[in-house]
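I have placed the structure first, in the form of structure tokens, so that the comments after it can refer back to it.
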Amino acid sequence: MKILGIETSCDETGAAVVINGRHILSNVVVSSLKEHTRYGGVLPEIASRRQLECIQPVVEEALRRARTTLQDIDRIAVTESPGLIGSLLVGISFAGTLSAALKIAYVAVDHVKAHAYANFISPKRDFEQPKLPAVGLVVSGGHTNLYLIRSFKDMTLLGKTRDDAAGEAFDKVARICGLAYPGGPEIDRLSQGVKKGELQFTCAQLPDTLDFSFSGIKTAVLYHVRNDKPLSARSVRQIAFAFQDSVVRTLVSKCLLAARRQKVKTILVGGGVAANSRLRERLKEEALREGLNVYFPPLELCLDNAAMIAGLAYHGRTTSKES
Ligand code: KG4
Ligand code: ZN
């Protein structure tokens with residue numbers, strides 16, 4: 001089954017063609033990110049206007065790269081939620097119109113769950129898909145969710161952030177330190193230059209739950225910066241390292257706790273923060289020690305893309321449960 005996926009939840013316009021929920025024929029993403037940088041976050045008005053301009057050429061390019069035509073598409077998949085409403089509506093209207101004109105099925109996809117699905121798709125013809133059941137951690141700019149994934153029709157939410165999402169905390173801490181938006185990649189890059197950590201910030205642990213809280217650590221960084229003015233480049237690197245280290249420790253320990261509790265052997269990670277080099281390294285190391293298999297998507301599939309939307313849509317609509 002050949003599925004055309006469309007993703008327009010935020011500032012990226014994506015279109016992709018994926019076969020049978022696994023083989024990526026094309027995956028095109030354009031972003032209006034640069035236009036938002038000076039505002040320190042995504043401006044919904046600009047994002048939706050760019051979506052309108054980009055949607056048609058991006059879909060045409062995805063079809064061209066997949067060497068296919070609309071007549072060969074079996075199903076249209078589109079991000080339904082969550083996201084910026086103006087941006088979402090561009091993709092939803094475009095996909096709805098295409099499906100009506102072509103008289104083919106239309107599947108509405110949950111963007112957050114699709115991030116976990118990014119581990120199941122590849123441009124390679126032969127690759128091993130992860131084995132289910134698994135614990136899925138989705139860490140993005142808007143969400144920090146832990147799921148038990150028995151199948152892609154059956155995902156149970158085990159825990160979530162009670163305040164800021166992990167990516168949001170990265171972005172806010174970066175802003176406090178005077179770094180550019182989006183802050184996650186900047187903090188990741190600056191931390192890599194630190195040989196020895198001299199600071200410590202702690203995340204609220206919320207023991208015995210699989211929930212997260214990242215707003216306290218963000219405030220701790222804010223108070224630290226207020227007392228440490230003017231900030232030197234060296235202290236920014238130290239702050240970045242200490243903040244990242246604490247967030248990563250928390251994410252790793254909750255993933256391992258969820259895997260132990262649910263007695264599963266596989267952990268799947270997805271979302272923009274899954275691109276974080278320290279998280280990739282630490283979770284792999286810790287999981288190996290406990291005999292668990294950990295999967296991270298390649299970097300281009302961690303960030304928003306339509307291939308994960310087309311992939312998940314192969315399984316039909318996913319129902320949601322809270323544990
Ligand atoms: O999944 P995504 O592209 O969009 C949402 O659905 O939110 O995630 C974007 C988030 C941003 O907060 C960004 O700072 C963060 O992912 N991010 C990172 C890294 N790359 C992107 N956070 C930490 N380390 C990174 N290397
Ligand atoms: Zn996302």
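The values are calculated or read from the model by the stated rules, or taken from the named source; none is laboratory data. Since the structure is predicted, the reported quantities are computational estimates derived from the model, not experimental observations. When we count neighbours, we look across all protein chains shown, and the Cβ atoms used for this are built from the backbone with ideal geometry, even at glycine. When the accessible area is computed, the model is the full protein with side chains, heavy atoms only, and any ligands, DNA or RNA have been set aside. Shrake-Rupley method; radii C 1.70, N 1.55, O 1.52, S 1.80 Å.
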Ordering of 159-165, 183-189 by burial proxy (mean other Cβ atoms within 10 Å per residue, highest first): 183-189, 159-165
As a Kirkwood estimate from alpha-carbon pairs, region 134-296 has a hydrodynamic radius in angstrom of 15.9
Note to self: C-alpha centroids of region 153-194 and region 32-65 sit apart, in Å, by 22
Could you work out what % of the accessible surface of region 134-296 is carbon and sulfur, using a 1.4 angstrom probe and leaving DNA, RNA and ligands out of the count? 50
Divide by every residue of the chain the summed helix terms, -39500 (n - 2.57) for each DSSP H run of at least 4, and state the resulting mean residue ellipticity at 222 nm, rounded to the nearest 500 deg cm²/dmol. -13500 deg cm²/dmol
Pick from K113, K263, K284 the residue whose mean-square fluctuation is largest in a GNM of the chain, springs joining Cα atoms under 10 Å. K263
What percent does the relative contact order of the chain come to when contacts are Cα pairs within less than 8 Å and at least six residues apart? 25
Per residue accessible area of the chain, 1.4 Å probe, in Å²: 45
Proximal lysines relative to K218, as straight alpha-carbon distance under 16 Å, when same-chain residues fewer than 8 apart are discounted: K172
May I ask you to derive the FRET efficiency for E45 and R260 from their Cβ-Cβ distance with R0 = 51 Å, giving the value to the nearest 0.05? 0.65
Cα-only Debye scattering, region 83-157: base-10 log of I(q)/I(0) at q = 0.20, 0.21 Å⁻¹: -1.01, -1.04
Could you sort the peptides 83-90, 132-139, 10-17 by per-residue average Cβ neighbour count (10 Å cutoff), highest mean leading? 10-17, 132-139, 83-90
Fraction of the pair-distance distribution of the chain above 28 Å, Cα-Cα pairs, percent: 41
For K131, which lysines qualify as cross-link partners when the Cα separation must be under 17 Å and same-chain residues fewer than eight apart are set aside? K113, K153, K263, K265, K284
Once you have the Cα-Cα distance between K103 and R38, take 0.36 nm times their residue separation minus that, and quote the gain in nm to one decimal. 19.1 nm
Ranked by GNM mean-square fluctuation in the chain (Cα springs under 10 Å), the top entry among G291, G216, G311 is G291
Can you sort K172, K103, K254 by 1.4 Å-probe accessible area, starting with the largest? K103, K172, K254
Segments 303-309, 23-29, 141-147 sorted - mean Cβ within 10 Å per residue, highest first: 303-309, 141-147, 23-29
I'd like the FRET efficiency for R289 and K124, computed as 1/(1 + (r/R0)^6) with the beta carbon distance as r and R0 of 22 Å, rounded to 0.05. 0.15
Simple spin-label model, 7 Å along Cα-to-Cβ: D74 to K131 in nm? 2.7
Roughly how far apart, in whole Å, are the Cα centres of region 87-150 and region 300-316? 4
Report, ordered by chain and residue number, the lysines lying within cross-link reach of K196, taken as a straight Cα distance under 20 Å and ignoring same-chain residues fewer than 8 apart. none
